[in-house]
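S.K.: Can you read through this structure? Questions will come right after.
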Ligand code: NAD
């Protein structure tokens, strides 16, 4: 497959004619796509196209913009199987998760299409007669959108659909691990009737064209999802430029299991929270804090179940866990396994690369469980982003919440307990942007805001309507209209 950049409504090669390959992580001998390795001149073209298209798009009535998103949602339904299989082929997650990735984009398309008929500001009474006051939502302008590889359809859709409904035009730089998934989404937007220049896509390296894009003089705002290292760098750069920036970054999410929990339910939550998407979700459960009364028994249950998970190509029926995305990530996860053993954690199961049979040419690591983990170990504090879970023992809710909260991240946390008072205290005191009760740390719904606290994000949540995406992708204009036809002295006398 040959991918091109999409600029001004045309699919074009990078000016420099260079390309890079995206590989199938389940079998890295297979090239999924050749994509343009763009340079700064390609970004310049894309930003110019987005600027040119801005005036027409922002004036198009929001309900009409919504009709285009509605069509995109319908096209995504038509193409769900094809795009879901592409997600699995290019990113590695199992097909059910690949289809789920596309479903999030479908949900977001319809939700944001509806926002076109709301887009509410406020009207409030004036202090004076014959005067009215209101606030309106205006687009930010040209927005640069930078996305990771782990949700290669859903995360670009969250950002692009929200930006569009608010009247912004877009320059989108996807992850270099998933350019084909990005192109599939943009093709759908093109077919849905997005006018030329309103959405532009440029592939290429983050450090080079990504950074050039977000600091470009023609860009008005930036939304970034990815690692803390890159996100914090952008916070430094863009903060100095006073440019609006939303960052969604890493996590060190935890599940608390109390002594009265339904342990089979909790086991299922840990298995899919920790090993689903091979642990490569920002909300993946990478710590489990278990009450001492059920600690030993739960570890046995978890180790037994983790051993039976089947690794392989996510397109094959019966595969539970796919590969890691690339060699760099694979080496990083293996390194953390060595760090955990070196720190004195007890390896209960997994802990190694899987290279036999059908896994011979992919980046596979066995689902790994560490016990005897203490809260200050690196494996209990740093994001691993792989199928590795650390079990920490606790003696009660306060200690458990202390452990969960005492890391720099604050994205997602979960508690399993049958006691309503216990779960209510957890809801109140867990210091994360998302809290789950008797459910795992994963699985957000797009009608609510999604975002992390502290090092997990800048606090501009995405998805959702007001309180989420609309608040980031619009700015408020306040309008006072005086229809008295005279000087209203009361305002001056204040
Ligand atoms: P990454 O930071 O390496 O890359 C993310 C994107 O940023 C890519 O498109 C990359 O090319 C670009 N990029 C990198 N450096 C850049 C720079 N200096 N300027 C501009 N762009 C740059 O992250 P990744 O490996 O693709 O994704 C994994 C990370 O993403 C994990 O840390 C995970 O927790 C995080 N993530 C967070 C969320 C969330 O919503 N909080 C969701 C998914 C993934």
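The values are calculated or read from the model by the stated rules, or taken from the named source; none is laboratory data. Source: prediction; values computed, not measured. No Cβ is skipped: glycine too gets one built from the backbone with ideal geometry, and neighbour counts run over all protein chains shown.
S.K.: Taking the range 398-421 as the region of interest, how many residues are in contact (Cβ under 8 Å) with a residue 40 or more places away in the chain, touching a strand residue (DSSP E or B) at 6+ places or on another chain (Cβ under 9 Å) and either within 24 Å of residue 279 (Cβ to Cβ) or surrounded by fewer than 21 Cβ atoms within 10 Å (Cβ to Cβ) (or both)?
M.R.: Count: 14.
S.K.: Tell me, which strands (runs of 3 or more DSSP E) lie completely within the range 115-193 with 2 or more residues that are within 18 Å of the chain's Cα centre (by Cα)?
M.R.: The qualifying strands (runs of 3 or more DSSP E) are 142-146, 169-173.
S.K.: Kindly indicate the residue of the range 447-465 that is more than 12 Å from the ligand (Cβ to nearest atom) and closer than 14 Å to residue 154 by Cα and also modelled with the highest pLDDT among those meeting that condition.
M.R.: Ranking the qualifying residues of the range 447-465, first place goes to 447.
S.K.: Also, quick follow-up: Could you tell me which of the residues 358, 444 is within 13 Å of the ligand (Cβ to nearest atom) and more than 27 Å from residue 292 (Cβ to Cβ)?
M.R.: The unique qualifying residue is 444.
S.K.: Within the range 456-467, take every residue that is over 16 Å from the mean Cα position of the chain (by Cα) and part of a strand (DSSP E or B) and give me the one that is surrounded by the fewest Cβ atoms within 10 Å (Cβ to Cβ).
M.R.: As a first pass, look at the range 456-467 and keep what is over 16 Å from the mean Cα position of the chain (by Cα): 465-467.
Subset that is part of a strand (DSSP E or B): 465, 467.
Working: 465: 21, 467: 12.
Looking at residues that are over 16 Å from the mean Cα position of the chain (by Cα) and part of a strand (DSSP E or B), I get 467.
S.K.: Oh, and also: Count, please, the residues in the range 381-412 that happen to be more than 16 Å from the ligand (Cβ to nearest atom) and in a strand (DSSP E or B). Show your work before the answer.
M.R.: Of the residues in the range 381-412, the ones more than 16 Å from the ligand (Cβ to nearest atom) are 390-406.
Right, trim to in a strand (DSSP E or B) and you get 390-394.
Number satisfying all stated conditions: 5.
S.K.: Having 3 or more residues that are modelled with pLDDT of 95 or more and either within 30 Å of residue 359 (Cα to Cα) or touching a strand residue (DSSP E or B) at 6+ places or on another chain (Cβ under 9 Å) (or both) is the bar; report the helices (runs of 4 or more DSSP H) wholly within the range 19-95 that clear it.
M.R.: The qualifying helices (runs of 4 or more DSSP H) are 40-59, 80-91.
S.K.: Separate question: Can you spot a residue in the range 290-311 that is at pLDDT 95 or above, buried (at least 24 other Cβ atoms within 10 Å of the Cβ) and either under 20 Å from the mean Cα position of the chain (by Cα) or within 16 Å of the ligand (Cβ to nearest atom) (or both)?
M.R.: no
S.K.: Answer yes if at least one residue in the range 321-333 is under 30 Å from residue 420 (Cβ atoms), within 20 Å of the chain's Cα centre (by Cα), within 16 Å of the ligand (Cβ to nearest atom) and in contact (Cβ under 8 Å) with a residue 12 or more places away in the chain, and no otherwise.
M.R.: No, every residue in the range 321-333 fails to be under 30 Å from residue 420 (Cβ atoms), within 20 Å of the chain's Cα centre (by Cα), within 16 Å of the ligand (Cβ to nearest atom) and in contact (Cβ under 8 Å) with a residue 12 or more places away in the chain.
S.K.: Of the conditions (1) under 22 Å from residue 447 (Cα atoms); (2) in contact with a strand residue (DSSP E or B) (Cβ under 7 Å, 6 or more places away or on another chain); (3) within 16 Å of the ligand (Cβ to nearest atom), residue 137 fails just one. Which one is it?
M.R.: Single failed check for residue 137: (3).
S.K.: Follow-up question, since we're still on this one. Of the residues that make up the range 468-475, is at least one away from the ligand (no atom under 16 Å from the Cβ) and not in a helix (DSSP H, G or I)?
M.R.: Yes, the conditions are met somewhere in the range 468-475.
S.K.: Something else: Within the bounds of the range 435-455, is there any residue that is surrounded by fewer than 20 Cβ atoms within 10 Å (Cβ to Cβ), within 25 Å of the chain's Cα centre (by Cα), in a strand (DSSP E or B) and in contact (Cβ under 8 Å) with a residue 40 or more places away in the chain?
M.R.: Among the residues of the range 435-455, at least one is surrounded by fewer than 20 Cβ atoms within 10 Å (Cβ to Cβ), within 25 Å of the chain's Cα centre (by Cα), in a strand (DSSP E or B) and in contact (Cβ under 8 Å) with a residue 40 or more places away in the chain, which makes the answer yes.
One line per residue, one yes/no per condition, for (1) more than 8 Å from the ligand (Cβ to nearest atom); (2) modelled with pLDDT of 95 or more; (3) closer than 24 Å to residue 450 by Cα:
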residue	(1), (2), (3)
150	no, yes, yes
155	no, yes, yes
162	yes, yes, yes
165	yes, yes, yes
175	no, yes, yes
197	yes, yes, no
202	yes, yes, no
208	yes, no, no
221	yes, yes, yes
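S.K.: Go through (1) crowded, with 23+ Cβ neighbours inside 10 Å; (2) more than 10 Å from the ligand (Cβ to nearest atom) one by one and return the number of the condition residue 216 breaks.
M.R.: (1)
S.K.: Note down all Cβ pairs under 6 Å where the first residue falls in the range 107-118 and is over 13 Å from residue 470 (Cα atoms), the second is crowded, with 20+ Cβ neighbours inside 10 Å, and they're at least six residues apart or on different chains.
M.R.: Filtered contacts from the range 107-118: 107/446; 109/69; 109/72; 109/73; 109/161; 110/73.
S.K.: In addition: Answer with yes or no whether residue 374 is without any contact (Cβ under 8 Å) to a residue 60 or more places away in the chain and part of a loop (DSSP other than H, G, I, E, B).
M.R.: yes
S.K.: From (1) within 19 Å of residue 7 (Cβ to Cβ); (2) touching a strand residue (DSSP E or B) at 6+ places or on another chain (Cβ under 9 Å), pick out the condition that doesn't hold for residue 192.
M.R.: It fails just one condition, (2).
S.K.: Does the range 225-240 include one or more residues that are modelled with pLDDT of 95 or more, crowded, with 20+ Cβ neighbours inside 10 Å, in a loop (DSSP other than H, G, I, E, B) and within 16 Å of the ligand (Cβ to nearest atom)?
M.R.: Within the range 225-240 (the criterion being modelled with pLDDT of 95 or more, crowded, with 20+ Cβ neighbours inside 10 Å, in a loop (DSSP other than H, G, I, E, B) and within 16 Å of the ligand (Cβ to nearest atom)), the answer is yes, since at least one residue qualifies.
S.K.: Can you report the number of residues in the range 337-363 which are in contact with a helix residue (DSSP H, G or I) (Cβ under 8 Å, 6 or more places away or on another chain), assigned to a loop (DSSP other than H, G, I, E, B) and over 22 Å from residue 406 (Cβ atoms)?
M.R.: Residues in the range 337-363 being in contact with a helix residue (DSSP H, G or I) (Cβ under 8 Å, 6 or more places away or on another chain), assigned to a loop (DSSP other than H, G, I, E, B) and over 22 Å from residue 406 (Cβ atoms): 4 in total.
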